[in-house]
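Engineer: The following block contains the structure, expressed as structure tokens.
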Amino acid sequence: MENNFGKILSQNEFSQNDILKLLSFNETESQILFQKSREIKEKFIGKKVYYRGLIEFSNICQKNCFYCGIRAGNSNVLRYTLTEEEVFNAVKFAYENQFGSLVLQSGEQSNEHFTELISHIILKIKELSKGTLGITLSLGEQTQKTYEKWFAAGAHRYLLRIETSNKNLYQKLHPNDEKHSFEKRLECLKMIKNIGFQTGTGVMIGLPFQTLNDLAADILFFRDFDIDMIGMGPYIEHEETPFFQYSQNLSPLNERFFLSLKMLAVARVVLRDINIAATTALQAIDAEGREKALKIAANILMPNLTPSHREDYQLYKNKPFINERKLDLASLETKINNIDLEVARNEWGDSQHFKNKNSQK
Ligand code: 5AD
Ligand code: SF4
């Protein structure tokens, strides 16, 4: 199969056109892409999978993104915020089971009470885990001051998906108002990075109106922004959102899944030493979605530790693990070992990219 497509993969630099070609690979051609991405992962990252225990802290959200099931305008959602006790039980579970880190995620809320509550939780996580648990935040757009506060309290990674790097498409995905500005989003990402957080972003794959060229440009955006971590997965429609009206125009779920795997592999090939998450949305389409992602490109897994209200945190339909009673860590580890990878214990698993660029300074 040594022909044109094999040749692109031997390059070290990739143009938007090269990336477009890689994303257009069919099933057979993609095997070479996946093989290459696996090799690069092993060379730059190794065989370890790092756990981030996911705590979906609250589904209260002040935004109205057209694609998301917990948007403020969806009055069918029962709104919740976990109690401190629930959060700290999840923290203890992560600590006792030697997870390296936690992710604290919620709908977007910006007010003094929320800022203080999160600071308090960060400090308490550090205390309960004797400083050992790393903390990633995924709490949306905030002010510089708020980001600084949370960083000072001890969080050291932040995820804020750009959703798409195409401003026009971004505007189609969101209401046209101050609260949903593309520029603001970019500004927040810059703040996060400048404050010193390891910075994560990502996009949804297979959105209405999205082209392969948009996705190719997203990869270049990640590169040019010099991001440290990526979380991205397929767009999955939700009945109770305005975007559900475009469901007929979408590619089938299995194609969105395949395209997502190619995006993860291309991200690995182009960006090499960043952290890449095997996201839950992959699992919503394919029962082995996360393992498939780990096998070819991803090195981060976020087991859900949310103790209650999981059914109320549905950004898309068919969200997996809603009825999971108890996280079966042993069988998860077996699945990871079966793809010739190993679970890291008590390690933060920081982005190699972040470490490498800071050691060069
Ligand atoms: N399908 C897939 N991902 C979604 N998100 C929100 N709604 C959906 C959906 N319908 C993603 C967004 C957001 C992250 C928290 O969840 O990318 O940033
Ligand atoms: Fe809120 Fe995030 Fe959903 Fe947008 S994507 S409505 S900010 S939870």
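The values are calculated or read from the model by the stated rules, or taken from the named source; none is laboratory data. Keep in mind that what you see is a predicted model, and the values were worked out from it rather than measured. Cβ coordinates were reconstructed from backbone atoms using ideal geometry, including for glycine residues, and neighbour counts include every protein chain displayed. Just so you know, the surface numbers come from the protein's heavy atoms only, side chains and all, with ligands and any DNA or RNA stripped out. Shrake-Rupley method; radii C 1.70, N 1.55, O 1.52, S 1.80 Å.
Engineer: Quick one: accessible area per residue over the range 4-124, 1.4 Å probe, rounded to a whole number of Å²?
Structural biologist: Spelled out: the 1.4 Å probe surface of the range 4-124, per residue, equals 44 Å².
Engineer: What does the helix-only formula give at 222 nm for the chain: each DSSP H stretch with n ≥ 4 adding -39500 (n - 2.57), the total divided by the residues, and the result rounded to the nearest 500 deg cm²/dmol?
Structural biologist: Details: 14 runs with 158 residues, N = 361.
Computed ellipticity for the chain at 222 nm equals -13500 deg cm²/dmol.
Engineer: Further, regarding this structure: Which order do peptides 334-343, 44-53 fall in by mean Cβ count within 10 Å, highest first?
Structural biologist: So the peptides 334-343, 44-53, ranked by packing, come out 44-53, 334-343.
Engineer: Whole number please: convex hull volume per residue, Cα atoms of the range 173-329, in Å³.
Structural biologist: With only Cα atoms used, the range 173-329 gives 143 Å³ per residue.
Engineer: Moving on. Once neighbouring chains are kept in place and the probe is 1.4 Å, which whole percent of the accessible area of the range 153-237 is contributed by carbon and sulfur?
Structural biologist: 47 percent
Engineer: I would also like to ask the following. May I ask for the equivalent-ellipsoid semi-axes of the chain, computed as the square root of five times each C-alpha gyration tensor eigenvalue and listed largest first in whole Å?
Structural biologist: In descending order, the three semi-axes are 29, 24, 21 Å.
Engineer: May I ask you to order 174-182, 312-320, 247-255 by the average number of other C-beta atoms within 10 Å around their residues, highest value first?
Structural biologist: Values: 174-182: 14.1, 312-320: 18.2, 247-255: 11.9.
Highest mean packing first, the order is 312-320, 174-182, 247-255.
Engineer: Rounded if a/c is under 1.5, else prolate if a/b is larger than b/c, else oblate: which is the range 1-92, with a ≥ b ≥ c the root eigenvalues of its Cα gyration tensor?
Structural biologist: Oblate shape, in that a/c is at least 1.5 and b/c is the bigger or equal ratio.
Engineer: A 23 angstrom limit on the alpha carbon distance is what I want to check against. Which of 41/184; 295/317; 145/190; 43/193; 292/319 exceed it?
Structural biologist: Numbers: 41/184 33 Å; 295/317 25 Å; 145/190 14 Å; 43/193 26 Å; 292/319 18 Å.
Beyond 23 Å between Cα atoms: 41/184; 295/317; 43/193.
Engineer: Kirkwood hydrodynamic radius, computed over distinct alpha-carbon pairs, for the range 212-264: how many Å, to one decimal?
Structural biologist: For the range 212-264, the Kirkwood estimate is 12.8 Å.
Engineer: Something else: Across every pair of different alpha-carbon atoms, what Kirkwood hydrodynamic radius in Å does the range 110-250 reach?
Structural biologist: 16.5 Å
Engineer: Using bins 5 angstrom wide from zero, how does P(r) for the range 70-149 break down, in % of all Cα pairs?
Structural biologist: Distribution as computed: 3, 13, 24, 22, 18, 13, 6, 2, 0 percent.
Engineer: Against the globular-protein guess of 2.2 N^0.38 Å, express the Cα radius of gyration of the range 160-235 as a ratio, rounded to two decimals.
Structural biologist: Numbers: Rg = 12.0 Å, N = 76, 2.2 N^0.38 = 11.4 Å.
For the range 160-235, the normalised Cα radius of gyration comes out at 1.06.
Engineer: If you take the C-alpha gyration tensor of the range 319-361, multiply each eigenvalue by 5 and take the square root, what semi-axes do you get, largest first, in whole Å?
Structural biologist: Computed over the range 319-361, the values are 31, 14, 10 Å.
Engineer: If a/c stays under 1.5 just call it rounded; otherwise compare a/b with b/c (prolate if a/b is bigger, oblate if not). Do that for the range 24-158, with a ≥ b ≥ c from the square roots of the Cα gyration tensor eigenvalues.
Structural biologist: oblate
Engineer: For the range 265-345, with all protein chains present and a 1.4 Å probe, just round the carbon and sulfur fraction of the accessible area to a whole percent.
Structural biologist: Roughly 44 percent of what the probe reaches on the range 265-345 is carbon or sulfur.
Engineer: What does the charge count around residue 38 come to, taking other residues whose C-beta lies under 11 Å from its C-beta (Lys +1, Arg +1, Asp -1, Glu -1)? Before the final figure, lay out each step's value.
Structural biologist: Numbers: positive: 36, 41, 43, 47, 268, 295; negative: 39, 42, 340.
Result for the neighbourhood of residue 38: +3.
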